[in-house]
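Trainee: This structure is in structure tokens; I'll ask about it shortly.
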Amino acid sequence: MYGQPKNSLDIAKKFPDIHRAIPFDTPIDGQMMCKSHFAFSEQHPKSDQTKQAVLIIRDPRDVLFSALNYRRLAGLTKDQMSDALYAKRFITHGGDPDFQAAGFGSWESHIRSWQDQKQFPVLTVRYEQLKAGTATTLKSVGEFLGESFGDQAIERAVKASSFVSMRAMEIREKHQHAKKSPASKQPGSLFIGTDQARQSKTFFMNSGKTGQSLNSISPEIEKTFHARFHDAMVEFGFGD
């Protein structure tokens, strides 16, 4: 929307992640758009200066698989924690307990923290909606933020942010990073992943799937998940 990014760090400079210490570009109009995984509270960074928020929510089963993949990228091995054990911990706590300790909240408490506050308007976007109708949803997000994007700009943005394009960017950046000598390596990508994860072809851009089932781990875990999350999923429009 604001010019073709050269790499993932170029994106981060325009839309900084508050969890990472990366220098960002100062917006001309003084209004910054940033990314946060924190549940909302008065202690949230810049809470008193926030004008509005776009809240992206996703089926908690897909969140579980995504979070597990992230933990594998960060070095958590199956010897340290099997997929089944991770899923059981996620279900018991309503989310990854380590992420909760960092201030993200459980799946449902995170959503409610943003939707229930009265300080500023919130547009809730479902991941499934964003994936199925990217251009239409992106246009709605722009209108909510007071931005008027032309159809050509939206088309370019949809293409650039597609799963295929983002996976290609990740592969390219990790390949470039791998060729550098250890002494010259500096953080040069938002796509995390240990060298071991890269060699095993575990990607940050993992699959982007929706509607996954935990039956792939075990039918019993899927049943336990349903019992834990059913009511909250219905509350937020996932299932009936």
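Trainee: Just to be sure I understand the filter: pairs with C-beta atoms under 6 Å, separated by 6 or more residues or on different chains, first member in the range 130-146 and closer than 18 Å to Phe15 by Cβ, second member part of a helix (DSSP H, G or I) and of a type in the set (Ser, Thr, Tyr). Which pairs pass?
Mentor: Leu130/Thr137
Trainee: In the range 82-91, is there at least one residue being surrounded by 14 or more Cβ atoms within 10 Å (Cβ to Cβ) and either in contact with a strand residue (DSSP E or B) (Cβ under 9 Å, 6 or more places away or on another chain) or in a loop (DSSP other than H, G, I, E, B) (or both)?
Mentor: Checked the range 82-91: no residue is surrounded by 14 or more Cβ atoms within 10 Å (Cβ to Cβ) and either in contact with a strand residue (DSSP E or B) (Cβ under 9 Å, 6 or more places away or on another chain) or in a loop (DSSP other than H, G, I, E, B) (or both).
Trainee: Of the conditions (1) surrounded by 14 or more Cβ atoms within 10 Å (Cβ to Cβ); (2) in a loop (DSSP other than H, G, I, E, B); (3) of a type in the set (Asp, Glu), Asp79 fails just one. Which one is it?
Mentor: (1)
Trainee: Evaluate the range 18-26: report whether one residue or more is assigned to a helix (DSSP H, G or I), over 16 Å from the mean Cα position of the chain (by Cα) and among the aromatic types (Phe, Trp, Tyr).
Mentor: From the range 18-26, those assigned to a helix (DSSP H, G or I) are none; that's our starting set.
The answer is no; no qualifying residue exists.
Trainee: Please name all residue pairs, on different chains or six or more residues apart, with Cβ atoms under 7 Å, provided the first residue is in the range 62-85 and is free of Cβ contacts under 8 Å to residues at least 60 places away in the same chain and the second residue is surrounded by fewer than 18 Cβ atoms within 10 Å (Cβ to Cβ) and not small (Gly, Ala, Ser).
Mentor: Between residues of the range 62-85 that are free of Cβ contacts under 8 Å to residues at least 60 places away in the same chain and residues that are surrounded by fewer than 18 Cβ atoms within 10 Å (Cβ to Cβ) and not small (Gly, Ala, Ser), the close pairs are Leu68/Asp83.
Trainee: While we're looking at this one, here's another question. Kindly provide the set of residues from the range 28-53 that are hydrophobic (A, V, I, L, M, F, W, C) and either closer than 22 Å to Ile11 by Cβ or not in a loop (DSSP other than H, G, I, E, B) (or both), ordered by number.
Mentor: From the range 28-53, those hydrophobic (A, V, I, L, M, F, W, C) are 28, 32-34, 38-40, 53; that's our starting set.
Ile28, Met32, Met33, Cys34, Phe38, Ala53, listed by residue number.
Trainee: Let me ask something additional. Kindly indicate whether Ser106 is more than 28 Å from Lys14 (Cα to Cα), out of contact with any Cys (no Cβ under 7 Å at 6 or more places or on another chain) and exposed (fewer than 15 other Cβ atoms within 10 Å of the Cβ).
Mentor: Here the answer is no, as Ser106 does not meet what is asked.
Trainee: In the set Asp116, Asp83, Asp96, which member is in contact with a Leu (Cβ under 7 Å, 6 or more places away or on another chain) and among the acidic types (Asp, Glu)?
Mentor: Values: Asp116 fails: in contact with a Leu (Cβ under 7 Å, 6 or more places away or on another chain); Asp96 fails: in contact with a Leu (Cβ under 7 Å, 6 or more places away or on another chain).
Every option except Asp83 fails the conditions.
Trainee: While we're here: Go through the range 135-163 and report how many residues are more than 16 Å from the chain's Cα centre (by Cα) and over 25 Å from Phe40 (Cβ atoms).
Mentor: 16
For (1) charged (D, E, K, R); (2) in contact with a strand residue (DSSP E or B) (Cβ under 8 Å, 6 or more places away or on another chain); (3) part of a strand (DSSP E or B); (4) buried (at least 16 other Cβ atoms within 10 Å of the Cβ), each residue gets a yes or a no:
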{"site": "Glu128", "(1), (2), (3), (4)": "yes, no, no, yes"}
{"site": "Gly146", "(1), (2), (3), (4)": "no, no, no, no"}
{"site": "Ala168", "(1), (2), (3), (4)": "no, no, no, no"}
{"site": "Arg172", "(1), (2), (3), (4)": "yes, no, no, no"}
{"site": "His175", "(1), (2), (3), (4)": "no, no, no, no"}
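Residue by residue, here is whether (1) over 30 Å from Ala12 (Cα atoms); (2) modelled with pLDDT of 60 or more holds:
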site	(1), (2)
Pro182	no, no
Gly188	no, no
Phe191	no, yes
Thr194	no, no
Lys209	no, yes
Ile221	yes, yes
Ala227	yes, yes
Glu235	yes, yes
Gly239	yes, yes
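Trainee: To continue, here is another question. Take Gln100 and decide whether it is assigned to a loop (DSSP other than H, G, I, E, B) and of a type in the set (S, T, N, Q). Can you show your working first?
Mentor: Working: assigned to a loop (DSSP other than H, G, I, E, B): no; of a type in the set (S, T, N, Q): yes.
Answer is no for this residue.
Trainee: For the range 85-134, which positions are of a type in the set (Gly, Ala, Ser), over 26 Å from Pro45 (Cα atoms) and in contact with a helix residue (DSSP H, G or I) (Cβ under 8 Å, 6 or more places away or on another chain)?
Mentor: Going residue by residue through the range 85-134, those that are of a type in the set (Gly, Ala, Ser) are 87, 94-95, 101-103, 105-106, 109, 113, 132-133.
Filter again for over 26 Å from Pro45 (Cα atoms), leaving 87, 132-133.
Scanning the range 85-134 gives a single hit, Ala87.
The values are calculated or read from the model by the stated rules, or taken from the named source; none is laboratory data. Keep in mind that what you see is a predicted model, and the values were worked out from it rather than measured. Note that each Cβ is placed from the backbone with ideal geometry, even for glycine, and that neighbours are counted across all protein chains shown.
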